[in-house]
């Protein structure tokens, strides 16, 4: 099942505006069917009843029955020449087709519904169809066309003063902004949804609005507030008997606890969801939920129960479902992890590779990371060090992506908290104006009676309110300041300080040409052979020890680290701010790196432990430097100078620093160095 299906099922049917009490939902559904089948009733009554039947079907999550009743509604509405009900039937059919990944056909039905509603001047139905179509387009990758449609639908409801329509289209619009990453607007419409739901007094709508707000907070990792709104949403869902929404909330709460490592608590929330879906014959989400249960059981080391669930999952798995591929990847990882724990590393490799490949394309970096750890460890135990190294390098690359993604999340969190404070201050000002207006009315009505007492009371009330709000704002600003410092530090781990500052100010950083940059490359000699003598933990620890030392040396000489590539380390002197001494400093940094490796080897040799030896190469010349990527950005450099520096390293000698003729010409008169002419050496590339 596609992600479009998950989202559409969560929002579409709220447009009906029918407040059901599904405590006796099946009984109500049977009663409605009797009314619908009563041919003695007029067409309008029967078609209205059919609409309510479809709403009950959604409430009970019988999504697969939607198409059946939608086709009936289209047929009966056409026969009765009721265009309004025909538009509803077309909308239902379009929704179902979208959930089955038949996007173009589904959009065609939505367009037909829009056209009929426009002809009938039915703003409500037209706006809901437009809003859903816009969201579908966005999830299909067409943000440029989809977002304006969801905005248009909301403004149509707003112009009509239709509170329930604003609530429903606002929920869809909040989801639309979550796709674009606009947390400010996502929060604004989620908060407005709560206000509108409370104004309507519709507790089922309040449950959905609180759930929406919980998702906003959790997306920026503000867990306390997210949990608070989840609890409210769950309370109202249980109260109104909205079982599908209740299960959805519980699944989200389980996912959050799982993410934080609280596996027992995650099971507490997850088990009722699995049980309810099995009891009600739910096919829509069951494979994904069962896979999540298996994953959590494995993490909690409840292997015996996990094995039973795996057997049940594999016997009933729908191989054709899009979401089942991701679910299968989760189960493969869980089973592979169990096999690795029990020493069956051959089986673990096979399953974890299948899991890794299954995760690709879903942007689930944490899951990819876990799969690589399993593969790396198992290959290491099997003695296949070449394959172990391959997945170790993939592990490092994924970890870098996670770190970059965390920087983006922290920046979003910082901006989001600023927006929350701004809204809080605006609310305080609004309350103050209300109080001032009230005070003026009291003054006019009671000009000579108790004016001083009333004014004094209002003053104390305002003072108390301002003091409380001032304390809140001050605490919030302290939190924001700490989060900003943390975000800045994370950003500086990825980008040079000057580039990071430009990115924060302008939102982008321009690529630049540099005439004289010294590129430094290091590489460990016979890395694969040496790594075979080390355990997985010792190998990672040794590489980290070396690269941490290199980071410190680069900082000392103001040389910019660019990146690591497996066991290679790349840095550059003379950017992003060119300096006169950059060439000399780069060579000094290289010499100190070699000195560190030599001392490290002597230390390890004395303990009879394997140690690395290293080559270093440097070349000086022009490069282009800039940021590649938008969301997961990286500062990098390009040009022939980079390729030549790499050849200097690969043709260098262990324990020495190999520099090019260009670098030598700059430093040849510097008495700090002694040079040895190696003659002409052929360097390929």
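The values are calculated or read from the model by the stated rules, or taken from the named source; none is laboratory data. No experiment lies behind these values; they were computed from the predicted model shown. Neighbour counts are summed over all protein chains in view; Cβ atoms, including those assigned to glycine, are modelled from backbone coordinates with ideal geometry.
Restricting attention to the stretch 139-158, does a residue exist that is within 30 Å of residue 229 (Cα to Cα) and touching a residue at least 60 places away in the same chain (Cβ under 8 Å)?
Within the stretch 139-158, one or more residues are within 30 Å of residue 229 (Cα to Cα) and touching a residue at least 60 places away in the same chain (Cβ under 8 Å).
Would you pick out the residues in the stretch 597-625 that are touching a strand residue (DSSP E or B) at 6+ places or on another chain (Cβ under 9 Å) and either surrounded by 19 or more Cβ atoms within 10 Å (Cβ to Cβ) or closer than 19 Å to residue 555 by Cβ (or both)?
Those that are touching a strand residue (DSSP E or B) at 6+ places or on another chain (Cβ under 9 Å) and either surrounded by 19 or more Cβ atoms within 10 Å (Cβ to Cβ) or closer than 19 Å to residue 555 by Cβ (or both): 597, 612, 614, 615, 616, 617, 618, 619, 620, 621, 623, 625.
Sort out which residues of the stretch 287-317 are part of a helix (DSSP H, G or I), modelled with pLDDT of 85 or more and loosely packed, with under 14 Cβ neighbours inside 10 Å, and write them in order of number.
Residues satisfying the conditions are 304, 308, 311, 312.
Are there any pairs, at least 6 apart or on different chains, whose C-beta atoms fall under 6 Å, with the first in the stretch 551-562 and on the phi < 0 side of the Ramachandran plot and the second surrounded by fewer than 20 Cβ atoms within 10 Å (Cβ to Cβ) and part of a loop (DSSP other than H, G, I, E, B), and if so, which?
Close Cβ pairs (under 6 Å, with a partner that is surrounded by fewer than 20 Cβ atoms within 10 Å (Cβ to Cβ) and part of a loop (DSSP other than H, G, I, E, B)) amount to 560/496.
Restricting to the stretch 638-674, what's the tally of residues that are part of a loop (DSSP other than H, G, I, E, B) and either in contact (Cβ under 8 Å) with a residue 24 or more places away in the chain or loosely packed, with under 11 Cβ neighbours inside 10 Å (or both)? Give the steps one after another, and end with the answer.
Kept after step one, since they are part of a loop (DSSP other than H, G, I, E, B), are these residues of the stretch 638-674: 639, 651-656, 660, 668-674.
With the extra rule that they be either in contact (Cβ under 8 Å) with a residue 24 or more places away in the chain or loosely packed, with under 11 Cβ neighbours inside 10 Å (or both), the set shrinks to 651-656, 660, 668-674.
Of the residues in the stretch 638-674, 14 are part of a loop (DSSP other than H, G, I, E, B) and either in contact (Cβ under 8 Å) with a residue 24 or more places away in the chain or loosely packed, with under 11 Cβ neighbours inside 10 Å (or both).
Residue under question is residue 213, and the condition is that it be in the same structural domain as residue 99 (by TED's automatic domain parsing), assigned to a helix (DSSP H, G or I) and over 27 Å from residue 102 (Cα atoms); does it hold?
Details: in the same structural domain as residue 99 (by TED's automatic domain parsing): no; assigned to a helix (DSSP H, G or I): yes; over 27 Å from residue 102 (Cα atoms): yes.
Here the answer is no, as residue 213 does not meet what is asked.
Report whether or not residue 161 is within 24 Å of residue 117 (Cα to Cα) and out of contact with any helix residue (DSSP H, G or I) (no Cβ under 8 Å at 6 or more places or on another chain). Lay out the reasoning, then the answer.
Working: within 24 Å of residue 117 (Cα to Cα): yes; out of contact with any helix residue (DSSP H, G or I) (no Cβ under 8 Å at 6 or more places or on another chain): yes.
It is true that residue 161 is within 24 Å of residue 117 (Cα to Cα) and out of contact with any helix residue (DSSP H, G or I) (no Cβ under 8 Å at 6 or more places or on another chain).
Can residue 61 be described as under 30 Å from residue 178 (Cα atoms) and either modelled with pLDDT of 85 or more or part of a loop (DSSP other than H, G, I, E, B) (or both)?
Answer is yes for this residue.
Listed residues 330, 323, 338, 284; which is modelled with pLDDT under 90, assigned to a helix (DSSP H, G or I) and crowded, with 16+ Cβ neighbours inside 10 Å?
Numbers: 330 fails: modelled with pLDDT under 90; 338 fails: modelled with pLDDT under 90; 284 fails: assigned to a helix (DSSP H, G or I).
Checking each option against the conditions leaves just 323.
State whether one or more residues within the stretch 344-361 are over 20 Å from residue 310 (Cα atoms), under 20 Å from the mean Cα position of the chain (by Cα) and either surrounded by fewer than 20 Cβ atoms within 10 Å (Cβ to Cβ) or modelled with pLDDT of 90 or more (or both). First the steps, then the outcome.
So in the stretch 344-361, the residues over 20 Å from residue 310 (Cα atoms) come out as 360-361.
Retained after the next criterion (residues that are under 20 Å from the mean Cα position of the chain (by Cα)): 360-361.
Adding the requirement that they be either surrounded by fewer than 20 Cβ atoms within 10 Å (Cβ to Cβ) or modelled with pLDDT of 90 or more (or both) leaves 360-361.
Within the stretch 344-361, one or more residues are over 20 Å from residue 310 (Cα atoms), under 20 Å from the mean Cα position of the chain (by Cα) and either surrounded by fewer than 20 Cβ atoms within 10 Å (Cβ to Cβ) or modelled with pLDDT of 90 or more (or both).
Any residue in the stretch 599-614 that is within 18 Å of residue 645 (Cα to Cα) and under 40 Å from the mean Cα position of the chain (by Cα)?
Taking the stretch 599-614 as the starting set, the residues that turn out to be within 18 Å of residue 645 (Cα to Cα) are 614.
The next check asks that each one be under 40 Å from the mean Cα position of the chain (by Cα); those that pass are 614.
Yes, that holds for at least one residue.
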